[in-house]
Structures are given as C-alpha cells and as structure tokens.
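Working notes for the structure below.
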Amino acid sequence: MSRRRRKALPTEPVRCAVDTLSHDGRGIARQEGKILFVDGALPGETVMAKVVSSRSKFDELRTLEVLEAAPDRQTPPCEFADLCGGCSLQHMSGDAQIRFKENTLREQFAHFGGIEPEEWVAPLRSRDTLGYRRKARMGVRYVKARDSVLVGFREKRNSFLTDIDRCLVLDPRIGERIVPLRELLYSMDAYARIPQVEVACGDDAAAMVFRNMDDLSSRDREKLIAFGQNHDLHIYLQPKGPDTVHRIWPESAGRHQERLSYRLDAFDLSMTFHPMDFTQVNAGINRDMVSTAVEWMDVQPDERVLDLFCGLGNFTLPLARKGGEVVGVEGDDAMVVRGRENAELNGLANVAFHGADLHGDFTGQSWAKEGFDKILIDPPRTGAEEICKYLTAFGASRIVYVSCNPATLARDAGVMARNGYRLVRAGVMDMFPHTTHVESIALFERTER
C-alpha cells in the first residue's frame, strides 16, 4: 500500500491575530476553527507568519513580520534568537517573562492539583539575564557541504545546529569563545568524531568536556591542551560513558582534584563539584533560592532535617549551618560521595549523606526510622508522586518543595493536600531567563489534628 502523500504547505504568509501564549512560549491564534501555534509572536499582536507544519487540528507557524507589536515586545539581545533553540523568549520583556511563568504555575496548580497557595510570594528575579548560564551541552557537527564545523544548540523545532558565533546567555568564559572553539575543532584530526562539548563553570574556573568517539592523536591532545592554556579553561575528555571523563589540562595528581567550585557566602560554604555533576545553572538565583529555602525551613537547633534528592549538598550543608541533625539522601552514589566531600571540606559534623532508591518506599531505612521534624525535597522533572504519598510517615511539621517542573509540583501538591498538608506559599524563580523553563518553590505545613 502506498503512503498517503502529504498535502503541500501553503507558500503564502498567513495573517495571524494572537490571543495568548502556549506553555512552550508560542503565540496562539485561531483561524477557521483551527489552532495556530506561532513562534515568535506575543499576545495582542498581529503578525504575518509562514506555515512550517500542518496537522488536522492545528498548524505550526514562524513569524515573518510583526504588523502590530505588543507593549511587551523587545528587540532580542542576541542576533541568533529567532533561529537558535537555546532561547525562546528573548523577544519578550523581562517583566512579561516573569508574568508568563507565574501564570503557568497558577494554571498548573489549578489543573493538576486542584489547589492554590494561601500566599503567592514575589518571584526571585535574576540579576543577570545574560551571561548567567554555567552549565550546558553544545552539539558539534562537521558539515561536509560547507567544509566547516558548527558548534552550538539546535535550531528551533528541528535537529540542525544553529550557526552561531557567540552565545550571550552562556557564561562569557564559554559564550565568547564559540569561534575559537569552532576553529580548534576544525583543525583537529578528529574534526568529524567529536559530537558534543559539555561546559561547566565555577566561580573561579570554567571547563570543557570533549566527547571523543575515538582515541585522539597526540597532535589533537596537544591542541586541546594549548586551547585550555590560551583561554584559561580546564580541558576534559570523555572517550565513553560519564565515568570515563578525565582532565588533561591542568595536570592533576588524581581524580579527586578534578573539581570546580562555587561559594555560598551567606552560609560561609565552599561547594566543590565535578564538571559532569548536576549543579544549578544560574549562580545568582541559586544563592537566593538556597537562602529562601533555608529561611522557609526555619530549622531549630534540636530538629532533625531530611533533604531528599540532595545532590552534592547544595541545600543540605546550608541547612546544617543552622544546627540540628541533617540527613541528605540521593539516588546517585557519586553525588553521595560528593556531598560527604563537601561536608568534610566545610568542617560540618552534624550532617550525614546516604544513597537510596528514591522511587520507592525508604521509610524502613535505618536513617529514616527516627522520623524528621522538617523535610526539603528537590526532585527531577518527573517529580516525587510516590514519595509524597508516604512523607506523612515522618511526621514533619514543614516541607519545602523546590521544583523544576510546575506540572509535577502541582500534581504532587494535590497528593500532599490529601495527606494532611496545606500549601502555605509558593512562587517562581527565574533560573532560566529568556526560556519557558519554570523553576518554583513551595512551602507545605502539616495540618493540625
């Protein structure tokens, strides 16, 4: 049976009157009973747009010309913003971006949790909306037809890499070095066998991790080392899985020295991490987020505190500074080790780190049997629905939930509400300016019985 031939897309631009925004930041218009998702358009605008994809119930379009601009429109600071998929909201003012994220959280609470906080708190705003991003994975591709190497992020809604010269959102130690990085890769023997470069920045040093599909020639290694020396970068190779990552510049006496670091000055803490470890991408928002979470936890010297999905101790150690006994639990054994390293580095003896499967019931673990007075939880995007069902077993009076996905936070908030907790306050944090990513924080308190 032959495949049905796809209907040809319209070639003429379409005039669209945009009503609202989708959760992924596209304008929504309606025409002849069909929904139109329009990239690069804002509510209240009239635009001319090109149809790039068509389905039975909706079309996808890309803005070509803005006929009537909304007050919230701004000129994107980056010249590649219209094409690069790394950002999606650069054409929207900062205040409008925050309102969009707050509305997203409100809608998700209502839709998935059937709940609303007693208090909406002011958003945590990013001091720097450019040059803030300290962690990223950039694609690398040799384009034979152009005989050149591209380095950057995928274009919007396709798998092609955007041809960029710099990235204004990345930390300048990385974002301003796209051209020399591209030239380096093109000059290497392995120019077509390095598919990605992972980047990570601490307060005092920045690193690049090159994913090399084959063993590198001595000539290529020398070029990478020279690049690190010339641009003051730590250089790592990853020949296979994440556990094969190793530093080739600067030279080190052992893997335990292959660390970057950042400060949490409000708690007199130095936090060390490996470039492949999970860390928050926005250092300024992270500092404010940690301070807010610790304030909301209100830890007393005689209390026992649990930090779930604790990672390298980003919340665990600040909580330990407040006294009491703090237990950090993480599913990744390498991060458990990192947490212990950071506790020792900062001279904290009132904290313990444990590994556990955080997708199942761990209430029977020895470290969990004494219960906890307060709990902090910072799960991945999938949330913590199962955990929320049995958190009541610990008898905690207060739970702070840090979320990177408003839909799963809202769902889990509904679970918490049905299990004896009320949602006291919540708000968004602008961890990722110029993107639709919504980071948020919520406080739950146990209902008196």
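The values are calculated or read from the model by the stated rules, or taken from the named source; none is laboratory data. Keep in mind the model is a prediction, meaning the values are calculated, not measured. Here Cβ is always computed from backbone atoms with ideal geometry, including for glycine, and neighbour counts include all displayed protein chains. These area figures cover heavy atoms from the full protein model, side chains too; ligands, DNA and RNA do not enter into them. Shrake-Rupley method; radii C 1.70, N 1.55, O 1.52, S 1.80 Å.
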Practice item. Would you kindly derive the ³J(HN,Hα) couplings of region 135-141 from the backbone phi angles with the Karplus curve 6.51 cos²θ - 1.76 cosθ + 1.60 (θ = phi - 60°), listing them in order in whole Hz, with x for Gly and Pro? Key: 10, 6, 10, 9, x, 10, 8
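Where in region 200-270 are there trypsin sites (Lys or Arg not before Pro) that are in a DSSP coil and have at most 11 other Cβ atoms within 10 angstrom of their Cβ?
Details: sites: R211, R219, R221, K223, K240, R247, R255, R259, R263; in loops: K240, R259.
Here the sparse-neighbourhood loop sites are K240.
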Practice item. Please identify every one of the GluC sites (Glu not before Pro) in region 365-443 that sits in a loop by DSSP and has no more than 10 other beta carbons within 10 Å of its own beta carbon. Key: E370
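Order the following by accessible area, largest value first: H111, H231, H274. Probe radius 1.4 Å; ligands, DNA and RNA are ignored.
Numbers: H111 135, H231 45, H274 25 Å².
The ranking, largest first, comes out as H111, H231, H274.
In region 343-449, what percent of the accessible surface is made up of carbon and sulfur (1.4 Å probe, ligands and nucleic acids excluded)? Write out the running numbers ahead of the final one.
Values: 1800 of 4040 Å².
C and S atoms contribute 45 percent here.
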**Study point:** ³J(HN,Hα) computed for each position of region 114-130 - Karplus, 6.51 cos²θ - 1.76 cosθ + 1.60, integer Hz, glycine/proline x
**Key:** x, 8, 9, x, 5, 9, 9, 8, 4, x, 7, 9, 6, 5, 10, 8, 10
**Study point:** Helix-only mean residue ellipticity at 222 nm for the chain, each DSSP H run of n ≥ 4 adding -39500 (n - 2.57), per residue, nearest 500
**Key:** -6500 deg cm²/dmol
Review point. Once phi is turned into θ = phi - 60°, what whole-Hz ³J(HN,Hα) does the Karplus curve with 6.51, -1.76 and 1.60 give for every residue of region 288-302, x standing for Gly and Pro?
Key: 5, 5, 4, 4, 5, 4, 5, 4, 5, 5, 6, 6, 9, x, 9
Point to revise | region 149-220 and region 82-134: distance between their alpha carbon centers, rounded to Å | key: 28
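For region 335-414, report the convex hull volume of the alpha-carbon atoms normalised per residue, in Å³, without decimals.
Details: hull volume 9.0 nm³, N = 80.
For region 335-414, the hull spanned by Cα atoms encloses 112 Å³ per residue.
Counting only other residues whose beta carbon sits under 9 Å from that of E198, what net charge do I get with K and R as +1, D and E as -1? Could the numbers behind the result be given before it?
Numbers: positive: K135, R137, R211; negative: none.
Summing Lys and Arg as +1 and Asp and Glu as -1 gives +3.
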Review point. Quick one: ranking F278, F210, F80 by accessible area, 1.4 Å probe, largest first, what do you get?
Key: F278, F80, F210
Review point. With the chain treated as a Gaussian network of Cα nodes joined by springs under 10 Å, which of V179, V294, V305 yields the largest mean-square fluctuation?
Key: V179
Study note, to complete from the structure: Measure of exposure for R137: accessible area at 1.4 Å probe, Å² rounded to 10, is 140
Revision key, fill the gap. Log10 I(q)/I(0) at q = 0.12, 0.13, 0.17 Å⁻¹ for region 1-138, from Debye over equal alpha-carbon scatterers, is -0.60, -0.69, -1.04
Review point. Using only Cα atoms, what is the ratio of the radius of gyration of the chain to 2.2 N^0.38 Å?
Key: 1.07
Check your understanding: How big is the gap, in Å, between the Cα center of region 262-304 and the Cα center of region 402-449?
Key -> 18
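List, in the order given, every pair from K240/K369; K34/K101; K34/K135 whose Cα-Cα distance in the structure shown is over 29 Å. Don't skip to the end; give the middle numbers.
On the way: K240/K369 40 Å; K34/K101 26 Å; K34/K135 39 Å.
Flagged as over cut-off: K240/K369; K34/K135.
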